Amino acid sequence: GMLPAGNHTFKIVADADNGVAESNEADNEYSRTITVLLTAPVATAATGITQTGFTANWNAVTGATSYYLDVSTSNTFASFVSGYNNKNVGNVTTAAVTGLTSGTTYYYRVRAYNATSTSANSNTITVATIPPAPVAQAATNITQTSFIANWNSSSGATGYVIDVATDNAFAGMVTGYSNKKLGNVLNYTVTGLNPCTTYYYRIRAYNPSGTSSNSNVITTKT
């Protein structure tokens, strides 16, 4: 059968006369200890992703008394995030990873541990923190019915969202420009507006992990 993880000692007896019992028989006895390693954990997708952290997750390993967590910005783990190099997180299957940089890709892996052995590494999970809020810039190419909204790039963004409104509280959204999802661009032409009217716009950045907070608000008048 399968041996549980840990140290197992076996006694090996070399019989001197092929199994015939004699009082003066001199059998040779040997002992050997075999260490059975813990199974490597299976790491699962990160949850609770924010701009500065996430929760790492993995499946429990039978016989483990604690787990070790590595977090890196390198998929080869050539370097480690400070505080997350072989971090003992205890006998849990989730761990909060904090103090990270927004819009950055991270990698994590775990190992199972008990008093007699440490497992091999788990699979590696990739997770990107949510991008920082973009910085919106002044509108350009202003006409009677349109303008170009502009903003700076946000680290780690794969696209942007724009809101356009007729008030700076964004209660009166312009039709078609409420949470309008844009591609990975740094400007967008807003059309179909009224002449001599004040408009407000703000931008958010997104990636597969989520959407940033709002940018600053830009005011412009057609």
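The values are calculated or read from the model by the stated rules, or taken from the named source; none is laboratory data. Just so it is clear, the model here is predicted, and its values are computed rather than measured. Quick reminder, even Gly has a Cβ in these numbers, built from the backbone with ideal geometry, and neighbours come from all protein chains shown. For accessibility, only protein heavy atoms count, side chains too; no ligands or nucleic acids. Shrake-Rupley method; radii C 1.70, N 1.55, O 1.52, S 1.80 Å.
Of everything in the range 92-103 that is of a type in the set (Val, Ile, Thr) and open to solvent by 50 Å² or more (accessible area, probe 1.4 Å), the residue that is nearest to residue 156 (Cα to Cα) is 101. Check the range 200-222 and report whether any residue there is assigned to a loop (DSSP other than H, G, I, E, B), open to solvent by less than 70 Å² (accessible area, probe 1.4 Å), in contact with a Cys (Cβ under 8 Å, 6 or more places away or on another chain) and β-branched (Val, Ile, Thr). Checked the range 200-222: at least one residue is assigned to a loop (DSSP other than H, G, I, E, B), open to solvent by less than 70 Å² (accessible area, probe 1.4 Å), in contact with a Cys (Cβ under 8 Å, 6 or more places away or on another chain) and β-branched (Val, Ile, Thr). When the residues of the range 179-194 are narrowed to those that are in a loop (DSSP other than H, G, I, E, B) and open to solvent by 70 Å² or more (accessible area, probe 1.4 Å), which ends up farthest from residue 127 (Cα to Cα)? Among them, the one singled out is 194. Only a single criterion out of (1) outside any loop (DSSP other than H, G, I, E, B); (2) free of Cβ contacts under 8 Å to residues at least 24 places away in the same chain is not satisfied by residue 169, namely (1).
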